[in-house]
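Chemist: Before we start, here is the structure in question, set down as structure tokens.
The values are calculated or read from the model by the stated rules, or taken from the named source; none is laboratory data. Small disclaimer: the values here were computed from a predicted structure and weren't measured. Because the Cβ atoms are built from the backbone with ideal geometry, glycine has one as well, and the counts that use them run over all protein chains shown. Side chains are part of the model used for accessible areas, which takes the heavy atoms of the whole protein and leaves out ligands, DNA and RNA. Shrake-Rupley method; radii C 1.70, N 1.55, O 1.52, S 1.80 Å.
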Amino acid sequence: MGIGALAVGALVVGAGDGGAAGSDAEQDDGLAVTVDCDDETNVLVYENQYAEPVDVTLNWTTDQTPLSVQSDVSTQLHAESTVESTAAGTEDTSVQSLTTGVPANESVTLVGLPDDSYELSASADAVDPALNQSEVTLECGTDANSETQIVATTEDEPLEDGT
């Protein structure tokens, strides 16, 4: 009878440890951001490895002409301009931000962003998402002086880990 109680105790401890390890592993997977260049067009990919949707926001400072977004996922483009007076004159700065919803266990690809440096941040309701990088630089030769059309699409293929 003592042996049966010992076996049950070991089972409970083992199940508790496995649950904690699984939870930590999910947190460590995070959100992968990759950059590529395809036919002189910038390609930015977000891979959400969480079981919850995540919003990823790109921020950059630019004098970019108007941007437009075509998307099959939730996106929000925001621009804010400030004018600063200096001894040399006035300086007009425009801060752009593009927030993209990345569904749980899916990838979203952004195509057509102009060459620039971008700061990234992520937020979600159910998890505290981690990004594998908080800043990216796109250098594909994309002309920033023409109107930019950004296309955001989900990937139909499963992630590399099979989810």
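Chemist: So, of the residues in the stretch 103-126 that are in a loop (DSSP other than H, G, I, E, B) and not charged (D, E, K, R), which turns out to be nearest to Thr41 (Cα to Cα)?
Modeler: First pass over the stretch 103-126, keeping only residues in a loop (DSSP other than H, G, I, E, B): 103-106, 112-115, 124-126.
Now restrict to residues that are not charged (D, E, K, R): 103-105, 112-114, 124, 126.
Numbers: Pro103: 24, Ala104: 27, Asn105: 26, Gly112: 6, Leu113: 8, Pro114: 8, Ala124: 29, Ala126: 34 Å.
Ranking the qualifying residues of the stretch 103-126, first place goes to Gly112.
Chemist: Can you name the residue in the stretch 100-135 that is surrounded by fewer than 18 Cβ atoms within 10 Å (Cβ to Cβ) and under 19 Å from Thr61 (Cβ atoms) and is also nearest to the chain's Cα centre (by Cα) among such residues?
Modeler: The selected residue is Ser121.
Chemist: Could you list all residues from the stretch 44-94 that are among the acidic types (Asp, Glu), touching a residue at least 40 places away in the same chain (Cβ under 8 Å) and surrounded by fewer than 16 Cβ atoms within 10 Å (Cβ to Cβ)?
Modeler: Step one: filter the stretch 44-94 for residues among the acidic types (Asp, Glu), giving 47, 52, 55, 63, 72, 80, 84, 91-92.
Pick out the ones that are also touching a residue at least 40 places away in the same chain (Cβ under 8 Å) and you get 47, 52, 55, 72.
Matches in the stretch 44-94: Glu52, Asp72.
Chemist: Let me ask another. In the stretch 26-41, which residue that is modelled with pLDDT under 90 and among the polar types (S, T, N, Q) is least open to solvent (accessible area, probe 1.4 Å)?
Modeler: Filtering the stretch 26-41 for residues that are modelled with pLDDT under 90 and among the polar types (S, T, N, Q), the one least open to solvent (accessible area, probe 1.4 Å) comes out as Thr41.
Chemist: Going by the structure shown, is Ser97 open to solvent by 70 Å² or more (accessible area, probe 1.4 Å), modelled with pLDDT of 85 or more, closer than 20 Å to Leu31 by Cα and in contact with an Asp or Glu (Cβ under 9 Å, 6 or more places away or on another chain)? Even if it seems obvious, please write down each step before you answer.
Modeler: On the way: open to solvent by 70 Å² or more (accessible area, probe 1.4 Å): no; modelled with pLDDT of 85 or more: yes; closer than 20 Å to Leu31 by Cα: yes; in contact with an Asp or Glu (Cβ under 9 Å, 6 or more places away or on another chain): yes.
Spelling it out, it is not the case that Ser97 is open to solvent by 70 Å² or more (accessible area, probe 1.4 Å), modelled with pLDDT of 85 or more, closer than 20 Å to Leu31 by Cα and in contact with an Asp or Glu (Cβ under 9 Å, 6 or more places away or on another chain).
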